[in-house]
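A short worksheet on the structure shown next.
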């Protein structure tokens, strides 16, 4: 029996292989809630499963930090790269002995074998990049490796990378509510399209819109630094300074052409979506529609740009997101049309405009005529807070 074979028993090989499969699966963009639940069940099924997964994490981190020449896509496609050779030598010899299952699995397997042979196993909790993604009208809850808890709203993409002394999260779309585990030595940083938010141990909500990012702090303090790559920040040194946002405060960052507009508010309540509703006070119609579009099955678009700045105050019940738009003509000078490609199109009202659903109303009020009020499931009442 060779020295390498002596390291393993058959059950251990099976567990390690399954750990690598799980690791690769969690790196994919389409990982969903069911995948995460199944992964968690596998980890808890046996102590050896968690140990095997942590070895894969450590091996991956080792590979990430090593300065090695990566094989090309063509070489990987040939499926014959040998870990006993450098990539340069392999290119010349064009021979190999290790059968690869997939490019990512191959890289993991190669580093895993090298780590075992060199006696490099450790109990270090090195956590690689992971991605969480929700679909339309879907919410998700997740506990991160550091003990932090996050709730994801609909159509949200969250990338997590915990490395060394920094906990980094990327939020490029959707909305998330963070409950950050306290660790003063490892700041928790959320990157967004307009800037980054840094916390140590606090709770805050981040909402990403088409042109704006809104931060609502419910506990503690969050430091905000606008993206230095934005034109407005490069041209104005004062804009580079970090801003401290305290519990009960909200900061809205909006891109307006070359300008970056910052607006402070003392109205909390940005996480109302976790209770099944969206609340607004004097919010732009554009920001409201950005939110509703993550829950409604029929997209809403504005044909006239000037409609975007109409001010909206009210509550949108998430269960009524599909019909909310039908009540807008009663509150605003606009019409709603259902286009041939299956979108609700908002247009500025003209004297000849006819609201959608008009043909379903009776010309003479009576028991069969629901009237416009039937299409107002979401405008009733006044919201407590502004989200836009």
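With 351, 367 as the choices, which residue is surrounded by fewer than 18 Cβ atoms within 10 Å (Cβ to Cβ), in a loop (DSSP other than H, G, I, E, B) and at pLDDT below 50? Give the derivation first.
On the way: 351 fails: at pLDDT below 50.
Answer to the check: 367.
Any residue in region 270-284 that is under 23 Å from the mean Cα position of the chain (by Cα), at pLDDT below 85 and assigned to a loop (DSSP other than H, G, I, E, B)? Yes, region 270-284 contains a residue that is under 23 Å from the mean Cα position of the chain (by Cα), at pLDDT below 85 and assigned to a loop (DSSP other than H, G, I, E, B). Residues of region 185-201 that are within 12 Å of residue 220 (Cβ to Cβ) and assigned to a loop (DSSP other than H, G, I, E, B): 200, 201. Residue count for region 137-173 under the criterion of being surrounded by 21 or more Cβ atoms within 10 Å (Cβ to Cβ) and within 18 Å of residue 292 (Cα to Cα): the result is 4.
Of the residues screened, residue 108 is not one that is buried (at least 20 other Cβ atoms within 10 Å of the Cβ), under 23 Å from residue 213 (Cα atoms) and either more than 16 Å from the chain's Cα centre (by Cα) or modelled with pLDDT of 90 or more (or both). Taking the condition within 25 Å of the chain's Cα centre (by Cα), over 25 Å from residue 135 (Cβ atoms) and either at pLDDT below 80 or surrounded by fewer than 17 Cβ atoms within 10 Å (Cβ to Cβ) (or both), does residue 253 pass? Answer is no for this residue. Does any residue of region 15-22 turn out to be out of contact with any helix residue (DSSP H, G or I) (no Cβ under 8 Å at 6 or more places or on another chain) and modelled with pLDDT of 70 or more? Yes, because at least one residue in region 15-22 is out of contact with any helix residue (DSSP H, G or I) (no Cβ under 8 Å at 6 or more places or on another chain) and modelled with pLDDT of 70 or more. What number of residues within region 35-69 satisfy the criterion of being farther than 19 Å from residue 132 by Cα and either modelled with pLDDT of 75 or more or part of a helix (DSSP H, G or I) (or both)? The total comes to 20. Identify the residue in region 118-136 that is surrounded by 17 or more Cβ atoms within 10 Å (Cβ to Cβ) and assigned to a loop (DSSP other than H, G, I, E, B) and, among all such residues, is modelled with the lowest pLDDT. Filtering first and then ranking leaves 126.
The number of residues in region 299-338 being under 29 Å from the mean Cα position of the chain (by Cα) and part of a loop (DSSP other than H, G, I, E, B) comes to 3.
If you scan region 256-276, which residues turn out to be in contact with a helix residue (DSSP H, G or I) (Cβ under 8 Å, 6 or more places away or on another chain) and surrounded by 17 or more Cβ atoms within 10 Å (Cβ to Cβ)?
260, 273
Residues considered: 343, 311. Of these, the only one that is farther than 29 Å from residue 244 by Cα, out of contact with any helix residue (DSSP H, G or I) (no Cβ under 7 Å at 6 or more places or on another chain) and surrounded by fewer than 19 Cβ atoms within 10 Å (Cβ to Cβ) is 343.
The values are calculated or read from the model by the stated rules, or taken from the named source; none is laboratory data. Please read all numbers here as calculations on a predicted model, not as lab measurements. No Cβ is skipped: glycine too gets one built from the backbone with ideal geometry, and neighbour counts run over all protein chains shown.
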